[in-house]
1. Out of segment 4-18, which residues are within 15 Å of the ligand (Cβ to nearest atom) and part of a strand (DSSP E or B)?
2. Starting from segment 31-42, take each residue that is closer than 12 Å to LEU183 by Cβ and list its partners that are near the ligand (Cβ under 6 Å from one of its atoms), counting only C-beta distances under 7 angstrom and pairs at least six apart or across chains.
3. Limited to segment 19-48, what total is found for residues that are within 15 Å of the ligand (Cβ to nearest atom), assigned to a strand (DSSP E or B) and open to solvent by less than 40 Å² (accessible area, probe 1.4 Å)?
4. When the residues of segment 88-103 are narrowed to those that are in contact with a helix residue (DSSP H, G or I) (Cβ under 7 Å, 6 or more places away or on another chain) and over 28 Å from THR43 (Cα atoms), which ends up surrounded by the most Cβ atoms within 10 Å (Cβ to Cβ)?
5. Could you pull out every one of the strands (runs of 3 or more DSSP E) wholly within segment 182-247 that has 3 or more residues that are open to solvent by less than 50 Å² (accessible area, probe 1.4 Å) and within 16 Å of the ligand (Cβ to nearest atom)?
6. Here are LEU235, LEU216: which of them is in contact with a helix residue (DSSP H, G or I) (Cβ under 8 Å, 6 or more places away or on another chain) and at pLDDT 95 or above?
7. What tally of residues in segment 139-181 results from selecting those that are within 16 Å of the ligand (Cβ to nearest atom) and among the β-branched types (Val, Ile, Thr)?
8. Give the residue, chosen from LEU78, LEU117, that is within 16 Å of the ligand (Cβ to nearest atom) and buried (at least 17 other Cβ atoms within 10 Å of the Cβ).
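The values are calculated or read from the model by the stated rules, or taken from the named source; none is laboratory data. This is a predicted model, so every value here is computed, not measured. All Cβ positions, glycine included, derive from the backbone under ideal geometry; neighbour counts span all protein chains shown. Calculation scope for accessible area: heavy atoms of the full protein, side chains included, ligands and nucleic acids excluded. Shrake-Rupley method; radii C 1.70, N 1.55, O 1.52, S 1.80 Å.
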Amino acid sequence: MITLEHLTKRYAGFTAVDDVSFTARPGRVTGFLGPNGAGKSTTMRVMVGLTPPTSGTATVDGRRYAELPNPGREVGVLLDASAQHAGRTGREILRVAAATMGLPRARVETMIERVGLTDREAERRVRHYSLGMRQRLGIATALIGDPRVLVLDEPANGLDPAGIRWMRDLLRGYADQGGTVLLSSHLLHEIEVVADDLVVIGNGRIVAQGTKAELLAGAGSVVRASDTARLVAALADAGVEHTVAPDGAVLASAEAARLGAVAFAAGVVLTELRSADSAGLEEMFLELTATSRREGVAA
Ligand code: ADP
């Protein structure tokens, strides 16, 4: 289990991570979601001991990363796939990792196969790798020590759709076997399929967290009427918060049953009524983090 308690990181008066607390639990994939600059990487760097926190703690099974005797055997980390030694071949990088962790050499070949690098690709220098190949190699390095916890920062970057699918299946399988997975993304749709739990960060602060099911339930409903203006008026009268999409779909922050009742009472004919699912989650994500985009915001 990964536990963050009141984690804060300040850089010269600028607060990159602001009192962040959450847990990532075994057997579950936790999605760490937020726009660029929200503080995801900084949080993850603190977790794995690369950046000292200003205050607060990040622990894995109760211990700080720096206290783990053989960290690679306990926590698999992929923070920046481009940071791998460009002059080494993929196979060499995995051999160094295996040697550092005291693993048999055969494990290297197993991992090359597991992440779908060909024998020829494994012999190529990393400077000639595509970003997608670097991500695969980074995942191989993270998994080589057979850790129980995975911390991955934007691992889908640079992967093609088949690669994203492959990684989802890999992470799902890993969590289903009892592993703890924390993965970050700035794109909801990249992680909402695989994540069981979501932690949403904006401007260094947690703005929402919970199971995906809970957050979806809070995402409201999509409703359409033959007369959108009358529907909107009825919702306003009933005090239901709502936004209208350009195509006339209304996203309302209430359950379908309540909306049906409101429309019925106002004599409005509905042409569609359903839970908002991922469209609503996206809307909620954008709204929650809208005020937290860094552009034009004084630090
Ligand atoms: P994310 O990973 O969500 O895109 P980051 O954690 O990389 O966000 O960055 C959060 C904020 O902290 C950004 O505004 C970034 O510019 C700032 N930041 C990150 N590292 C440093 C640093 N070493 N010095 C000063 N500011 C930093």
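1. Filtering segment 4-18 for residues within 15 Å of the ligand (Cβ to nearest atom) gives 4, 7-18.
Of everything in segment 4-18, those that are within 15 Å of the ligand (Cβ to nearest atom) and part of a strand (DSSP E or B) turn out to be LEU4, LEU7, THR8, LYS9, ARG10, TYR11, PHE14, THR15, ALA16, VAL17, ASP18.
2. Within 7 Å, the pairs are PHE32/LYS40; LYS40/GLY34.
3. Number satisfying all stated conditions: 5.
4. Restricting to residues being in contact with a helix residue (DSSP H, G or I) (Cβ under 7 Å, 6 or more places away or on another chain) and over 28 Å from THR43 (Cα atoms), the top hit is ARG91.
5. The qualifying strands (runs of 3 or more DSSP E) are 197-202.
6. Among LEU235, LEU216, only LEU235 is in contact with a helix residue (DSSP H, G or I) (Cβ under 8 Å, 6 or more places away or on another chain) and at pLDDT 95 or above.
7. 1
8. Criteria check complete, one pass: LEU78.
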